[in-house]
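To start, the structure under review is shown below, and the notes come after it.
Nothing in this text is a laboratory measurement; each read-out follows from the coordinates by a stated rule. Owing to the predicted nature of the structure, the values given are computational and were not obtained by experimental measurement. Virtual Cβ from ideal backbone geometry, glycine too; neighbours counted across all protein chains shown.
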Amino acid sequence: AQRVTQPEKLLSVFKGAPVELKCNYSYSGSPELFWYVQYSRQRLQLLLRHISRESIKGFTADLNKGETSFHLKKPFAQEEDSAMYYCALSYYGSSNTGKLIFGQGTTLQVKP
Amino acid sequence: NAGVTQTPKFQVLKTGQSMTLQCAQDMNHEYMSWYRQDPGMGLRLIHYSVGAGITDQGEVPNGYNVSRSTTEDFPLRLLSAAPSQTSVYFCASTTPGNSPLHFGNGTRLTVT
């Protein structure tokens, strides 16, 4: 079965420290993976996707098919990074329908 | 542009009552979907639609009905509310090609 696992409910770091939000997935084909973010009082929005291989707000995420992981990383956390982060996977065979499987979410708390 | 608009923002229902959560988008997106967000469980897909007149079930469809008579609107109906339906509901829309989901602000529903 397709599944996305985010093992940490809460990740608390100090400003300037490195951040790694973990995401593991189970999927039988070629996955399409995303990170979505929800800042306080804002709507859920796309942060980045693996096919773009881009860096957004200093965050990067590399797809590791061997470890079935898509961890989100940032070398130096900022207070404005505090938010809820969701890892998400496209349903098999549904790349064009916007159907996603979401992980449980990780709250990132960046302390001053 | 307003994007994806959900109403109401908050709702309290008694067990057995019915109601409709409204969702409208002004981006001419073909695909629309409904998710519920529960602590520790992330977002789970309830129903989705790939165009007017076409709907299908997601991961947790029981207790919910949808219809899509226009491209813009995708209401979610609770026919007989149950406490297990207490949740935050998000509507999302997107275009073909695995584009990002655009989310509404959510509806927080409490069933007593």
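Worth a mention:
- Test: residue in the stretch B:67-78 that is in contact (Cβ under 8 Å) with a residue 60 or more places away in the chain and surrounded by fewer than 20 Cβ atoms within 10 Å (Cβ to Cβ): no
- Of all residues in the stretch B:72-94 being within 14 Å of chain A (Cβ to nearest Cβ) and among the polar types (S, T, N, Q), the one that is farthest from B:Thr7 (Cα to Cα): B:Thr94
- Inside the stretch B:49-79, residues that are of a type outside the set (S, T, N, Q) and either in contact with a Gly (Cβ under 6 Å, 6 or more places away or on another chain) or not in a strand (DSSP E or B) (or both) make up a count of 12.
- Segments classed as strands (runs of 3 or more DSSP E), wholly inside the stretch A:2-112, with at least 1 members that are of a type in the set (D, E, K, R) and within 26 Å of B:Glu59 (Cα to Cα): A:3-5, A:45-49
- Residue list for the stretch B:89-98, filter: exposed (fewer than 15 other Cβ atoms within 10 Å of the Cβ) and of a type outside the set (Gly, Ala, Ser): B:Pro96
- Scanning the stretch A:28-58 for residues that are touching a residue at least 60 places away in the same chain (Cβ under 8 Å) and of a type in the set (D, E, K, R) turns up just one, A:Glu32.
- Just so you know, in the stretch A:32-69 the residues that are of a type in the set (A, V, I, L, M, F, W, C), away from every other protein chain (no Cβ under 14 Å) and under 23 Å from A:Lys15 (Cα atoms) include one that is farthest from the chain's Cα centre (by Cα), and it is A:Phe59.
- Taking the stretch B:31-66 as the range and being closer than 12 Å to B:Ala92 by Cα and touching a residue at least 60 places away in the same chain (Cβ under 8 Å) as the test, the residues that pass are B:Tyr31, B:Met32, B:Ser33.
- The lone exception for B:Gly51 - which of (1) crowded, with 17+ Cβ neighbours inside 10 Å; (2) more than 24 Å from A:Leu48 (Cβ to Cβ); (3) within 14 Å of another protein chain (Cβ to nearest Cβ) it fails: (1)
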